[in-house]
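Everything below concerns the one structure shown next.
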Amino acid sequence: MKSSALRAAFLSLALAASLTACLSSDAPNLTAEDLNEPADFGGGYFATAFPYDPSDDTGTMAALVEPIGERTYRLTFTEGDRKDAPVLLRMLKLNDGRLLGVFSDPDPAKGALYTIVSRASNGSWVFRNVEFNPESRDRVLRAALMRHGANAVDFDDAHDEIKGGLTAANLRALFSDPDFAAALTMERGFRLSPMIPAVSANPLD
């Protein structure tokens, strides 16, 4: 994946033309009390997109994660001398225990996009894009979105957008709704691999 496409996989909300179909919305109304702050998340990482396509240049980038208070992180990607504009990341624990990553521009008017966040055994953080299967963009899915806080829904091949001021309760209920869950695909995304591997507290591990 060329670097411009890689950036789009990470930061489609910040680009004029998105190359992913991530689920986006108006910036949700989240307070610090709603959010989760994973241990040892801040620091320097190598960022790579998945799934791997052998015909593409993977374009690994450097990424810096900085805690900035209120359980919010600033995420900045760098490639050589080029530093991208930072985005904000907040994490919300869903009803099933998974972490929902909410990416947003510092300007809340530019909205937010969503990933499911997990930690791999090697210490990497995995961000899976929340997308809809094309065949699932129907009235059943639209009804699920509308009953959990959406004022309007726009289905599009480039991105799917929810209008309305969603809350933490809305998002937890939405991701627990079987009609919404059945429409999801999360096969694409990116990894943040620590530049400095974690050292076990037990030298025998």
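The values are calculated or read from the model by the stated rules, or taken from the named source; none is laboratory data. Bear in mind the structure is a predicted one, so any value in this text is a computation, not a measurement. Please note: Cβ atoms are built from the backbone with ideal geometry, for glycine as well, and neighbour counts cover all protein chains shown.
A few points about this structure:
- Taking first residues from the stretch 26-47 that are under 13 Å from Ile68 (Cα atoms) and partners that are basic (Lys, Arg) and surrounded by 14 or more Cβ atoms within 10 Å (Cβ to Cβ), the Cβ contacts under 8 Å between residues at least 6 apart in sequence or on separate chains come to Ala32/Arg71; Glu37/Arg71.
- Tally, over the stretch 93-102, of residues that are surrounded by 13 or more Cβ atoms within 10 Å (Cβ to Cβ) and either outside any strand (DSSP E or B) or among the small types (Gly, Ala, Ser) (or both): 3
- In the stretch 65-78, of all residues being surrounded by fewer than 17 Cβ atoms within 10 Å (Cβ to Cβ) and not β-branched (Val, Ile, Thr), the one that is nearest to Asp177 (Cα to Cα) corresponds to Glu70.
- Of all residues in the stretch 59-82, those being out of contact with any Phe, Trp or Tyr (no Cβ under 9 Å at 6 or more places or on another chain) and free of Cβ contacts under 8 Å to residues at least 60 places away in the same chain number 12.
- Looking only at residues in the stretch 76-92 that are assigned to a strand (DSSP E or B) and out of contact with any Leu (no Cβ under 6 Å at 6 or more places or on another chain), the one that is nearest to Leu166 (Cα to Cα) is Leu88.
- Scope the stretch 151-181; condition of a type in the set (A, V, I, L, M, F, W, C), closer than 24 Å to Leu35 by Cβ and at pLDDT below 95; matching residues: Ile162
- Number of the condition not met by Pro67 [criteria: (1) within 22 Å of Val130 (Cβ to Cβ); (2) modelled with pLDDT of 95 or more; (3) in contact with a strand residue (DSSP E or B) (Cβ under 7 Å, 6 or more places away or on another chain); (4) not hydrophobic (A, V, I, L, M, F, W, C)]: (1)
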